[in-house]
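What follows is a set of notes on a single structure, which appears directly below.
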Amino acid sequence: MPDTPSADTKYIFVTGGVVSSLGKGIAAASIGRLLVERGLAVTIQKFDPYINVDPGTMSPFQHGEVYVTDDGAETDLDLGHYERFINESLSQANNVTTGRIYQNIITKERRGDFLGATVQVIPHVTDEIKSYIQMLSPGHDVVITEVGGTVGDIESLPFLEAIRQFRQDVGWKNTVLIHLTLVPYIAAAGELKTKPTQHSVRELMEIGLQPDILVCRTEWPLPEEVRRKVGRFCNVDIRDVIESRDMDTIYEVPLRFREQRLDDRIIDHLGLETPDPDLGAWETMVERIKHPGSGEVRVGVVGKYTSLVDSYKSIQEALIHGGIANDVGVRIDWLSSEAIDSQGTTALAPYDAVLIPGGFGQRGVEGMVDTVRYLREEGVPYLGICLGLQCAIIELSRNVCGLEGADSSEFEPDTPHPVISLLDSQLKVTMKGGTMRLGAYPAHLVEGSRVKAIYGEEEVSERHRHRYEVNNEYRDALAAAGMVFSGLSPGGGLVEIIELRDHPFFVATQFHPELKSRPTRAHPLFAAFISAALDFRLGRPAETGEVEDRPGLATAGRE
């Protein structure tokens, strides 16, 4: 590495074995939470072995949600878990892919940085990987690094080799390696099987990495004799064999880890001295999720990718956070917009509120537009996000403003009324990766609007991921039909938030508020949305949030 890593920073590495999707991200985030509660400054990063530079052009059905940071990085969904658990905004440096590593190295080689050397995996690739670990050291007591995939994947080898070298560079006493494995229960044998874990650890040791702690995913409690067997065959202290079973909520995982003193073992390994964690507030929050005091509301999410819930992971969590804020359980049903397009809106009748999330492409959009019309006419609370805002604009344009054929130019390039269209800056963009409007942008909230009351702020900053915007040529017609443009870019040229007058709750945003929601601090829009759902369920009309009828309100601040 070009520079010496900080001597004051400690490093935790989380790897996985046996099978993928065991929950390394939740484990890393839960460990981060425990260390934060002990007074340590913690950050978490994800190493993804795929060759894509970022997940921005990958299908949600393959990769799940693309999480966006304040600085506009398109990242793995695990970064959402990291932010929600440790309550820290992360950046592009917190998600590193093989593609980015090789892109950086090739750029340096073309520039002549390697002075004629033959560029190789060792040392050039491993040095580049190590530089991303140490990049996060300043200002943090602990850096947690999760390696995607499983031990044995050919794609992961450079990352694991870099970790082996890094542990030597900084000294073994300054690092902890945690390996997450599976201990399956075989019904035919009537017992838990430790052999997959043994083989996984053996494969890890073959590349020079001995785990310090094993986290064992299992559907059954691990008896002491099983833990002792795992420890003996994997060269790990029995106190460092941690059971990890499925919980009612992911936010319960830190509590179960604490019961097994996982954080104590990490602190001991790293030679740190910290106070015990205070998890009282976290326990109260978990109790609210498991035993809400105000019953349950039923929320329908009408989307394009609902067959894979991970496509909307942050939406799911933000709805739960809204429930925590209102002490109410949230039952979420995932509804295909294509099914509503073909079968009609009768499926929406049971819901106390409906949300339409973001998405790209024409498939299923007409079902979303029909959904918006139903919610508007029936007075059902509605929250639209990104594409959800665009569908609301299309629906009102067609069915209230009388603009026949109104559409987005994304879906119908020849529409007579392109109420949603590309920004001038996007018209000549041909590269798909990383070229959208990405990251945090400010929005000015209009005085007297519902969202101004919800936020309690003059201006907010929210994260974006989109290309198309509301066409300003149609703003006056939409305002005359009852739409309020309640959030605008500072210059007034871009619509950020809309709402409807005389509706219990009809709010839609161009940005993604779910990305800033936290279990201990629900996003204001989600808290208000679930509150409106509770009012609807109880038959109490929510505040209509009527806006003062002032001339020029719909065009306030327009450039």
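The values are calculated or read from the model by the stated rules, or taken from the named source; none is laboratory data. Bear in mind that the values here come from a model prediction, so they are computed numbers and not experimental data. A quick note on method: Cβ atoms are made from the backbone with ideal geometry, for glycine too, and the neighbour counts reach across all protein chains shown. Just so you know, the surface numbers come from the protein's heavy atoms only, side chains and all, with ligands and any DNA or RNA stripped out. Shrake-Rupley method; radii C 1.70, N 1.55, O 1.52, S 1.80 Å.
What is the extension gain from Gln120 to Arg232, computed as 0.36 nm multiplied by their sequence separation minus the C-alpha to C-alpha distance, in nm to one decimal? Intermediate results must be reported in sequence, preceding the final value.
Details: separation 112, 0.36 × 112 = 40.32 nm, distance 3.79 nm.
Contour length minus Cα-Cα distance gives 36.5 nm.
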Kindly rank 455-462, 385-392, 175-182 from highest to lowest mean number of other beta carbons found within 10 Å of each residue. 385-392, 175-182, 455-462
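Counting only protein heavy atoms and using a 1.4 Å probe, what share of the accessible area of the chain belongs to carbon plus sulfur, as a whole percent?
Numbers: 10710 of 22360 Å².
Answer for the chain: carbon and sulfur cover 48 percent of the accessible area.
Taking the Cβ of Glu496 as the centre, find all other residues whose Cβ is under 10 Å away and add up their charges (Lys, Arg: +1; Asp, Glu: -1). All intermediate terms of the calculation are to be shown ahead of the outcome.
On the way: positive: none; negative: Glu462, Glu469.
Spelling it out: positives minus negatives among the neighbours equals -2.
Go through 106-115, 309-318 and give me the packing order, highest mean Cβ count within 10 Å leading.
On the way: 106-115: 10.1, 309-318: 22.6.
Top of the packing list down: 309-318, 106-115.
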Between segment 249-317 and segment 167-191, the Cα center-to-center distance that results, in Å: 22
Filter Lys290/Lys313; Lys290/Lys452; Lys304/Lys452; Lys108/Lys313; Lys195/Lys313; Lys108/Lys130 down to the pairs with a C-alpha to C-alpha distance above 28 Å, please. Lys290/Lys452; Lys304/Lys452; Lys108/Lys313; Lys195/Lys313
Distance in nm between label sites at Ser20 and Arg202, each 7 Å beyond Cα in the beta-carbon direction? 2.5
Using helices alone, I'd like the mean residue ellipticity at 222 nm for the chain: each DSSP H run of four-plus residues gives -39500 (n - 2.57), total over residue count, nearest 500. -10000 deg cm²/dmol
Within segment 102-127, backbone nitrogen closer than 13 Å to the virtual label 7 Å beyond the Cα of Trp172 toward Cβ: none
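I'd like the FRET efficiency for Val309 and Gln260, computed as 1/(1 + (r/R0)^6) with the beta carbon distance as r and R0 of 25 Å, rounded to 0.05.
Values: r = 29 Å, r/R0 = 1.15.
Calculated value: 0.30.
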Formal net charge of residues neighbouring Ile420 (Cβ-Cβ distance under 13 Å; K, R +1; D, E -1): -3
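Given R₀ = 30 Å, what would the calculated FRET efficiency be for Thr107 paired with Gln362, taking r from the Cβ atoms and rounding to 0.05? Please report the intermediate quantities before stating the final value.
On the way: r = 36 Å, r/R0 = 1.22.
Computed FRET efficiency for Thr107 and Gln362: 0.25.
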With a ≥ b ≥ c the root eigenvalues of the C-alpha gyration tensor of the chain, is it rounded (a/c under 1.5), prolate (a/b larger than b/c) or oblate? prolate
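Rounding to the nearest 20 debye, state how big the charge dipole of the chain is about its Cα centre with +1 on each Lys and Arg Cβ and -1 on each Asp and Glu Cβ. Provide the component values of the computation, followed by the final result.
Values: 55 positive and 82 negative charges, 250 e Å.
Using Cβ point charges on Lys, Arg, Asp and Glu, the chain gives about 1200 debye.
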With the crude spin-label approximation of a point 7 Å out along Cα→Cβ, what separation in nm comes out for Arg239 versus Asn52? 4.3
Theoretical FRET efficiency, 1/(1+(r/R0)^6), r = Cβ-Cβ of Leu538 and Arg501, R0 30 Å, to 0.05: 0.85
So the angle from the long Cα axis of helix 313-326 to the longest Cα principal axis of the chain, reported in degrees to the nearest 10, equals 70
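When ligands, DNA and RNA are left out and all protein chains stay put, how many square angstrom of accessible area per residue does the chain have with a 1.4 Å probe?
Using a 1.4 Å probe on heavy atoms only, each residue of the chain averages 40 Å².
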Here the percent of antiparallel bridges among DSSP beta bridges lying wholly in the chain, to the nearest 5, is 35
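What does the charge count near Lys290 come to, summing +1 for each Lys or Arg and -1 for each Asp or Glu among other residues with Cβ under 9 Å from its Cβ? Present the calculation step by step, with values, prior to reporting the outcome.
Details: positive: Arg288; negative: Asp248, Glu252, Glu287.
With Lys, Arg at +1 and Asp, Glu at -1, the neighbours total -2.
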